[in-house]
Amino acid sequence: MKNFTYINAKSIKDAVESLGKNWNESVVKSGGTDLLGELKGMIISPEKVINLKTIPNLDYIESTQDGGLKIGAVTTITKISESSLIKTKFPVISQAASKVASPQLRNMGTLGGNLCQRPRCWYYRENSILCLKKGGSQCYAFTGENKFHCIFGGGPCFIVHPSDMAASLISCDAEIKIYGRKGERELELNNFYLLPRENVNRENVLNPDEIVVEIIIPPPKNNTKSIYIKQSIRETWDFALCSVAVSMSMSGLKCDDVRIVLGGAAPKPWRSINAENELRGKMITETVAESAAKAAVNNAQTMRDNKYKINLFQNIIKSAILEVIKS
Ligand SMILES: Cc1cc2nc3c(=O)[nH]c(=O)nc-3n(C[C@H](O)[C@H](O)[C@H](O)COP(=O)(O)OP(=O)(O)OC[C@H]3O[C@@H](n4cnc5c(N)ncnc54)[C@H](O)[C@@H]3O)c2cc1C
Ligand code: SF4
């Protein structure tokens with residue numbers, strides 16, 4: 001690992017003022033569970049590392065006056081998975097949190113870090129390989145090993161977005177609050193993420209001198225039910241091969257409105273508008289759930305090794321829709 005200056009930030013302002021103007025200069029650390037791997041593997045070698053965990057009052061889960069929630073960026077994934085407030089109001093978020101990595105990683109890992117974690121593509125994580133994302137000239141996954149890569153939104157890089165939390169939060173229409181040198185901004189979490197065709201080097205809209213400070217979740221619509229289903233090779237300590245977050249507001253068995261967000265599918269959490277359109281306004285039956293699942297994979301583009309994702313997605317989407325109406 002290359003030597004760097006370590007700064008314990010005293011406040012959000014202090015953290016932001018310590019940040020440099022480009023990504024090679026500085027990086028922030030929350031739990032460090034992803035960042036330390038990148039530093040040790042020399043995937044990145046910044047001059048400064050700024051610790052956000054020393055900022056007071058960035059670790060909280062609070063109800064808002066309108067019945068929603070706000071969560072501070074350095075709140076741990078364990079705290080989120082154990083919160084009774086979240087379990088009752090937003091089961092999809094609680095279930096996603098409980099499926100992140102392993103208990104040890106959930107104890108250290110924070111919400112901000114989970115949402116901003118870098119991709120797990122094996123070519124990206126190998127420092128001797130200079131692929132497109134790291135400034136090279138080609139994507140090695142496209143012509144090489146692509147078992148864990150995307151089936152939507154790919155090109156010229158084919159990563160999948162790794163965060164379980166992101167898919168679940170987007171299904172609840174969450175917003176993200178960012179603080180930088182130019183001040184504060186808030187945007188829909190769904191618009192926080194970028195596709196490689198928009199920026200092949202970064203996965204979100206953060207500038208080098210900005211940090212995530214809070215996630216805001218609006219109150220759920222009437223009679224909203226939600227669920228998170230994840231398939232991975234191992235039960236624990238593993239990223240999603242395929243996952244789905246469903247949040248559905250219902251009148252009896254009729255779907256009034258719905259969000260379906262896929263994980264392990266695309267370079268960003270992938271809202272399946274096709275599947276949502278198959279459900280909105282309809283009575284939910286097995287046949288309707290099946291056509292939504294089929295619609296979700298209609299425009300998938302597979303590569304040599306990831307064709308299995310089509311069936312896996314169809315199955316988990318159908319199961320999630322049928323499970324959610326029973327909950
Ligand atoms: C073996 C293993 C298995 C895993 N399995 C899963 C899984 O199944 N599901 C899943 O969702 N995740 C998984 N993860 C990822 C893990 O959840 C993340 O490493 C963790 O959530 C990141 O949180 P952190 O606080 O440790 O982030 P850090 O490691 O501190 O930071 C991660 C990245 O985010 C940036 N960052 C951190 N905080 C902020 C902020 N507030 N604002 C802006 N940028 C920020 C850092 O600069 C860094 O680039 C796994 C990780 C490992 C090592
Ligand atoms: S998928 Fe992206 S990160 Fe992986 S080799 Fe291709 S360009 Fe690099």
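The values are calculated or read from the model by the stated rules, or taken from the named source; none is laboratory data. Small disclaimer: the values here were computed from a predicted structure and weren't measured. Neighbour counts run over all protein chains shown; Cβ positions are idealised from the backbone, glycine included. Side chains are part of the model used for accessible areas, which takes the heavy atoms of the whole protein and leaves out ligands, DNA and RNA. Shrake-Rupley method; radii C 1.70, N 1.55, O 1.52, S 1.80 Å.
Put +1 on the Cβ of each Lys and Arg and -1 on the Cβ of each Asp and Glu in segment 224-326; which of Ala266, Asn277, Ala240 then has its Cα farthest toward the positive end of the dipole?
So the residue furthest toward the plus end is Ala266.
How much net charge surrounds Lys309 when only other residues with a Cβ under 15 Å from its Cβ are counted (Lys, Arg +1; Asp, Glu -1)?
Working: positive: Lys147, Lys230, Lys294, Arg304, Lys307, Lys318; negative: Glu145, Asp305.
Net of charged neighbours comes to +4.
With N set to the residue count of the chain, report its C-alpha Rg divided by 2.2 N^0.38 Å to two decimal places.
On the way: Rg = 19.4 Å, N = 327, 2.2 N^0.38 = 19.9 Å.
In units of the globular-protein estimate, the chain measures up at 0.98.
With every protein chain kept in place and ligands, DNA and RNA left out, what is the accessible area per residue of segment 224-326? Probe 1.4 Å, answer in Å².
Accessible area per residue: 44 Å².
Suppose we look only past 20 Å in the calculated P(r) of segment 205-327. What percent of the Cα-Cα pairs does that tail hold?
Working: 3470 of 7503 pairs.
Roughly 46 percent, once rounded to a whole number.
Between Asn201 and Asp14, 0.36 nm times their residue separation minus their Cα-Cα distance comes to what? Spell out each step's value before the answer.
Numbers: separation 187, 0.36 × 187 = 67.32 nm, distance 2.65 nm.
Here the segment from Asn201 to Asp14 would lengthen by 64.7 nm.
Within segment 46-74, name every residue whose backbone N is under 11 Å away from a label modeled 7 Å from Cα of Asn127 along the Cβ vector.
Residues passing the 11 Å test: 46.
Residue separation times 0.36 nm, minus the C-alpha to C-alpha distance between Lys87 and Asn57: what's the value?
Numbers: separation 30, 0.36 × 30 = 10.80 nm, distance 2.26 nm.
Extending this stretch completely gives an extra 8.5 nm.
Using a simple charge model, +1 on the beta-carbon of Lys and Arg, -1 on the beta-carbon of Asp and Glu, nothing else, what dipole does segment 130-206 show about its Cα centre, in debye to the nearest 20? Walk me through the intermediate numbers first.
Values: 9 positive and 9 negative charges, 85 e Å.
With Lys and Arg at +1 and Asp and Glu at -1, about 400 debye.
Would you mind telling me the share, in percent, of accessible area of the chain contributed by carbon and sulfur at probe 1.4 angstrom?
Numbers: 7260 of 14540 Å².
For the chain, the apolar C and S fraction of the accessible surface comes to 50 percent.
Once label points are set 7 Å from the Cα along Cα→Cβ at both Trp23 and Glu145, what is their separation, rounded to one decimal in nm?
About 2.4 nm separates the two model spin labels.
Which pairs, out of Lys10/Lys53; Lys230/Lys307; Lys53/Lys133; Lys40/Lys230; Lys79/Lys326; Lys225/Lys268, put more than 21 Å between their alpha-carbon atoms? Mind dumping the intermediate values first?
Values: Lys10/Lys53 9 Å; Lys230/Lys307 18 Å; Lys53/Lys133 28 Å; Lys40/Lys230 29 Å; Lys79/Lys326 27 Å; Lys225/Lys268 24 Å.
Check vs 21 Å cut-off fails for Lys53/Lys133; Lys40/Lys230; Lys79/Lys326; Lys225/Lys268.
Around Tyr6, with a cut-off of 9 angstrom between Cβ atoms, what is the net charge of the other residues, counting Lys and Arg +1 and Asp and Glu -1? Show your work: numbers first, answer last.
On the way: positive: Lys29, Lys48; negative: none.
Net local charge, Tyr6 excluded: +2.
Tell me the angle of helix 308-326 to the major Cα principal axis of the chain, expressed in degrees between 0 and 90 and rounded to the nearest ten.
Relative to the chain, helix 308-326 is tipped by roughly 60 degrees.
Using the heavy atoms of the protein chains and a 1.4 angstrom probe, tell me the accessible area per residue for segment 44-124 in square angstrom. Walk me through the numbers before you get to the answer.
Numbers: 3340 Å² over 81 residues.
Normalised by residue count, the accessible surface of segment 44-124 is 41 Å².
Tell me what the chain gives for mean residue ellipticity at 222 nm when only DSSP H runs of n ≥ 4 count, each as -39,500 (n - 2.57), the sum divided by the residue total, rounded to 500 deg cm²/dmol. It would help to have the intermediate numbers written out before the result.
Details: 12 runs with 95 residues, N = 327.
Theoretical 222 nm ellipticity from helices: -8000 deg cm²/dmol.
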